[in-house]
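What follows is one structure encoded as structure tokens, with my remarks underneath.
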Amino acid sequence: MTRTAVIAGVGPGLGASIARKFAEEGCQVALFARTTDFIEDLADDLPEPGEGLAVQVDLRDVEGIRDAFETVREAFGPIDVLVNHASAASWQGLLDSSVAEFERAWEVGGRGAFVASQEAVGDMVETGGGTVLFTGATSAVRSTGGTIGFAAAKFAARGMAMDIAQEYGPEGVHVAHVVIDGQIDNPRTRERLPDREDDTFLDPDAMAETYWHLVEQGDVGTQPFEVHITNGPQNTEFV
């Protein structure tokens, strides 16, 4: 079965790894990003038998998101899998964060995921099911303080995931929230932390395997809602 997958928010690191893994498994993969600098090359280089489509969209733009999904439908057909992967950096605390910074985090990680989910789940209900995955973070479960915009957006996304799971699970839509507890290995992080030990990073390719496993969950009696990805003994956030 060929699935059409949308990954909303793709850059070097986990987003790219998810795209490659899904393509290896035969998916038609639409890559959403605010700029096309990275995703155009990635779409061209996805492994067989997958097929890629780069779609430029700002996930703060409601109509832009809806247009992007229509572009995917025209190219690949209805959506079978959605990964709400985008987030906006907002690392200030309550008194240091501006209203604009707070709103930007929510517009991308909250409202953007809401609109994308509306578009994708509408297709899934008509075709008999599908999968929606939300990329979460420790801050979606227990904020560590000082990142109010990011934490609020991640809490909102987790709440939406839970609500969609309750409403549309009976109609064959599997929704899962992936809590990432640790730093993902990617070029930007490596540049910022050149002396950090390799085993303290999360491997994005290994993480992508977990995302695909969630897509393949077919038994409604064993479908997980929440999965926590950590780097084993290095993890301290949930202790």
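Quick notes on this one:
- Apportionment of accessible area to carbon and sulfur, the chain, percent (1.4 Å): 47 percent
- Cα-centred dipole magnitude for the chain, charges only on beta-carbon of K, R (+1) and D, E (-1), debye, nearest 20: 720 debye
- Calculated [θ] (222 nm, deg cm²/dmol) that DSSP helices of n ≥ 4 give over the chain, each run adding -39,500 (n - 2.57): -12500 deg cm²/dmol
- Largest first, the three principal axis extents of the alpha carbons in the stretch 4-52 are 25, 17, 16 Å in whole numbers.
- Cα-based helix-to-principal-axis angle, 14-24 vs the chain, degrees rounded to 10: 30 degrees
- Charge dipole of the stretch 61-158 about the Cα centre (unit charges at C-beta), most positive-ward option of Ser143, Asn84, Phe102: Ser143
- Taking a ≥ b ≥ c as the square roots of the eigenvalues of the Cα gyration tensor, an a/c ratio of 1.5 or more together with a/b no larger than b/c marks the stretch 88-232 as oblate.
- Distant-in-sequence amide contacts of His228, defined by a placed amide H-H separation under 5 Å and a gap of 5 or more residues or a different chain, comprise Val179.
- The gain in end-to-end length when the Ser143 to Glu74 segment is fully stretched comes to 20.8 nm, 0.36 nm per residue minus the alpha carbon separation.
- With protein chains left intact and a 1.4 Å probe, residues in the stretch 83-239 average 50 Å² of accessible area per residue.
- For the stretch 68-75, 3J(HN,Hα) computed residue by residue from phi via the Karplus equation (6.51, -1.76, 1.60; θ = phi - 60°) reads 5, 5, 5, 4, 5, 4, 5, 7 Hz, glycine and proline entered as x.
The values are calculated or read from the model by the stated rules, or taken from the named source; none is laboratory data. Values in this document were obtained by computation on a predicted structure and should not be read as measured data. Cβ sites come from the backbone with ideal geometry, for glycine too, and all protein chains shown count toward neighbours. These accessible areas exclude ligands, DNA and RNA; they are computed on the full protein's heavy atoms, side chains included. Shrake-Rupley method; radii C 1.70, N 1.55, O 1.52, S 1.80 Å.
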